[in-house]
1. On average, how many beta carbons from a partner chain sit within 10 Å of the beta carbon of a residue in A:10-23?
2. Could you run the Karplus curve 6.51 cos²θ - 1.76 cosθ + 1.60 with θ = phi - 60° over the stretch B:107-118 and give me ³J(HN,Hα) per residue in whole Hz, x for Gly and Pro?
3. Please report, in debye to the nearest 20, how large the charge dipole of chain B is about its Cα centre when each Lys and Arg carries +1 at its beta carbon and each Asp and Glu carries -1 there.
4. Tell me, rounded to the nearest percent, the portion of alpha carbon pairs in the stretch B:138-223 spaced more than 16 Å apart.
5. Report, as a whole number in µm² per second, the diffusion coefficient that Stokes-Einstein gives for the stretch A:104-193 at 4 °C and 1.567 mPa s using the Kirkwood radius over alpha carbon pairs.
6. May I ask for the equivalent-ellipsoid semi-axes of the stretch A:70-113, computed as the square root of five times each C-alpha gyration tensor eigenvalue and listed largest first in whole Å?
7. Calculate the all-directions average of the projected area of the stretch B:380-479's alpha-carbon convex hull, and give it in nm².
8. Between B:Val82 and A:Ala195, what is the spin-label point distance in nm, taking each point 7 Å from the Cα along the Cα→C-beta axis?
Amino acid sequence: MSKVDQFESAFRSASKAVYHLDPPEVRRVLLVTDLDSPEMQQLVDQLRQFLLVLDGAEWQRIGRGEFENVAELLELVERHKPDLVVTYRHLGSDAWKWPFSLGEYLDVLTQASGCPVLVLPHPTEGGAMDHALTDTNVVMAITDHLTGDDQLVNWSARFTARDGVLYLSHVENQNQFERLIETIGKIPSIDTDDARDTILAQLLKEPTDYIQSCKLVLDGSDLSLDVRAVVMIGRRLKEYKKLIEEHAVDMLVMNTKDEYQSAMHGLAYPLAVEIRSIPLLLL
Amino acid sequence: MTLQMTSMSLISATSALQDAAHQSPEVPLGVTLFFTGILVAMILCLALEEKLHAKKSVIVGAFAMVSLLCGAACHLLPFGPVEVGGHQIDLPVYIPAVDWNVIAIILGSSLFVDVTAKSGLFTWVAIKLTKASRGDPFKLLVSYGLMTVVFSAVLNNVTAMIIVGSLTAVSLEKLGRREKLLGFLLIEGLLTNVGGLLTLISSVPNIIVGTKAGISFIDFFLVAGPYVAVATVITLLMGAKLMGIQGLRTAEERAEARELVAGFDENDGVESPVFFWFGACMLVAFIGVIASASVLPWISDLKMGYVALSFGLIMLLRFKAVADKFYQAIDWDLLAFFACLFVVINVMEHAQVLHMIGQGLEGIIGLGDVLGAGSILVTSAAASSVTDNIPLAAMLAQILGENAMIAGDPDSRFWWSVIFGANLGGNLTPIGSASTLVAVTIIHKHGLPMPFVRFVRLALPYALVQLVLATAYVLIFVG
């Protein structure tokens, strides 16, 4: 029955995920800070310039003294019912001095909040790139499973400035792939070289096809975006850092929710911790 | 198209052997009965192939070895050199027993179909039809049903079932209608045997009986075509009714289904447009040359095996550096099965077993053109439902060819009774034909229960209607 499987594989390969454009509405933005009013106003002014794509949205604020612990913050966020929370890494924490976490507030907020969280570089750390927080002309969606992820693409498109560049990126984990091939190399009935070539080709083909579908739809829309594909295999953190520098990315967009665990998505957390120099939109 | 057309030579081989058998010395009745026992045992083992967990080639191979040994012990086999082109060649007795033209047809056509499939042609056609149905279950059933019939007629029913069955599983999964999978696969399995009736080369029994009877390709198509058309429509309508496969009712459902099937990309499997069109042209040429092989100069001498091998080789040129991968994909079980079957039939000829069965059938044939032909059709169907229809068709064709009233009359109803009975009998049970077995295997692969009894219960209404229709058709319109 190997031929049944052969044809089923051919038909499955021909069955492709099709992108549907459905840009999310962002009517209410909640800015959460631990700043005093003057500093907060300065930040708001900067953000209004930075997030021109949210023009028309109502901005609400939570500042210093309005919450004392995580529970109070979550309650406040719940009460405001925002479409987007904007804050910065290590909110209410001095752990920004050590690059090992997002801070206790953000660790919980990104998972407990029902809406996306835009995480900015820490205001006093000083590690932000020069182009960070100026505009969203270059936005990059990052994932290790892009195919069919309409939500990620829609949010990314929503935050890309008109005539801007939207990178849809998919980086396969090289370490995992090598481990798989190493195992296949110990199975006599599977041709290792053939498996390496065909599996890798298929892994990269699916996101490439999906990005093609995204490009087709977005090019036909009135968003006026330049959609580009980045599909590769590599050691992801290293590759993403390189891509961010190469393309002067203004904002990264990634999924953080994982239906199988309470912790942040396996790829998102290390990226969010390590990439401190540009804003991150965590879905 | 091919695998099955194969046995055309089985006929010629067995007929030659039959002639030889008639000239052989008298065989004691006890010896003939002993070999009849071996033949019956082989048929039973083939029927119980699944239970025995043994491939056809191993089963028939074992019986071929036993038959040869017993044949040698009983001094039935014509040992000695064989004359080929005026030269005496010393060959083992079982080598000339095999019809190598049949083996060449199976080998060549398998290669041709496998390499042509790499062009993406078959998946392209299948996906185009899926998209044309716009995801509507009823239209999908009709599309897949027609595709099954056409693929069965021009490829072979096993390949047709594999292509259409696997597409059905994938597309119904995509449409979220997995609960309809069993119904679709069952109907497609039943239609493979209807499609196998369409042309002289659509199935092995057609080739065996049609060639022996002297029915031309065109005449075969003209006689069988109307039945196939009517039986296909009736089977599809019955399937839609009994399996609850209906069209979509609301505009929303239709829009959603249309969008889902639009996600299929028919060009995904087309690696090279040039090779795709080359494959399409070669397929048309292959069908054309095979259909006219008997009248083409030189080709008629080289026979269909040459045509199949040549087309297979031409397609292989594209993959000349990795041709060995296609050799691995060849159905060696089928090839060995045919080779061993030829050997068993050869020994049975020498043991006068076929002659004895022919005498037994004289009574049925003697019932007349109506009752006799009808009885042959029903008997053939019943026998085909529990065992392989190829040996059955070979034996019956041989026996009818010995009958003075039937031999030489291609319009005789008896020939068509065997053809219709041997093909449609496969629809009565899951083991009745290779393609229904494939359908059941795909059903099992997707975790759906389909034990023997359930298949019979579900398939019986269709098979009975097809057989009643076939009997009426043969008795009213044929002859």
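1. 6
2. Working through the residues one at a time gives 4, x, 5, 4, 4, 4, 5, 4, 6, 4, 4, 5 Hz.
3. Dipole of chain B, to the nearest 20 debye: 1400 debye.
4. Result for the distance tail: 52 percent.
5. Diffusion coefficient, whole number: 77 µm²/s.
6. In descending order, the three semi-axes are 21, 10, 8 Å.
7. Directional mean of the projected Cα hull area for the stretch B:380-479 stands at 6.5 nm².
8. 4.4 nm
Where a number appears in this text, it was derived from the coordinates with a stated rule and is not lab data. If you're wondering where the values come from, they're calculated on a predicted model, not measured in any experiment. Don't worry about glycine lacking a Cβ; one is built from the backbone with ideal geometry, like all the others, and counts go over all protein chains shown.
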